[in-house]
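To keep things clear, I will list the structure first and then write my remarks on it.
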Amino acid sequence: MNTMTARALMVGLVIALWAWVASVARLHVSMWAGVVALGCFFAAGGGVPGLQKTVVTTLAGVLWVLVSHAVRVAIGGGGVVAAVILGATACALILQSRVPFLSFTAGAFAGAGVALGLGVNTVIEAIRAGVALAVGALLGFAAERAAGMVRTRGG
């Protein structure tokens, strides 16, 4: 079995298992957020470095959205203020790439997008988003490892 086929099968399997476990256990973890992080894992190159880049940068994106919300609440104001703060947040997401372990900009924007999509406004909501993102990255890592084992066994 070639690498791509093994990877595709393992990704499908881990997502199916996650969906089933989340349903049976009634976990309140966003599936779509995890799928975003799983994609980021592969975009970051996979392996341990891809896992690290994905987790750190997606969580940073969530944190920036939480900070931007706090700033918006503290300042007050309407749509223009919110737009300017969102623009400043986007600038911060780019500028953080100067720090080597925060340099996976796509992950930072994905994390911020997930936080915005989930309506993250509190620390608890940020933790939930972060858990979903971390689980998704870990599923990508597990699928990659499992695909490697299947490919090795298959010859």
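Extension gain, F101-L27: 0.36 nm per intervening residue step, less the Cα-Cα distance, totals 23.6 nm. With the Kirkwood sum run over all distinct C-alpha pairs, the stretch 5-52 has a hydrodynamic radius of 11.6 Å. Comparing mean-square fluctuations of T105, T54, T122 from a GNM of the chain with C-alpha springs under 10 Å, the top value falls on T122. Remark on the chain: hydrodynamic radius 16.3 angstrom, per the Kirkwood mean of 1/r across alpha carbon pairs. Each residue, L17 and T5, gets one label point 7 Å from its Cα in the Cβ direction; the gap between the two is 2.2 nm.
May I ask you to order 5-12, 42-49 by the average number of other C-beta atoms within 10 Å around their residues, highest value first?
Packing order, densest peptide first, comes out as 5-12, 42-49.
If you plug the beta carbon distance of Q52 and V80 into 1/(1 + (r/R0)^6) with R0 = 35 Å, you get a FRET efficiency near 0.40.
With bins 5 Å wide beginning at 0, the percent of Cα pairs of the stretch 1-93 falling in each bin runs 3, 11, 15, 16, 15, 13, 11, 9, 5, 2, 1, 0. Starting from the Cα of N121, step 7 Å toward the Cβ, then list every residue of the stretch 61-101 with an amide N under 16 Å from that point. Only 65-79, 82-83 fall inside the zone, counting backbone N under 16 Å. Given V55, V24, A6, which one lies farthest toward the positive end of the charge dipole of the chain, if we put +1 on the Cβ of every Lys and Arg and -1 on the Cβ of every Asp and Glu? Comparing the listed Cα positions along the dipole, A6 ranks first.
Values quoted throughout were computed directly from the atomic coordinates according to the rules given, and no laboratory measurement underlies them. Keep in mind that this is a model prediction, so the values were computed, not measured. Glycine gets a Cβ as well: all are built from the backbone with ideal geometry, and neighbour counts include every protein chain shown.
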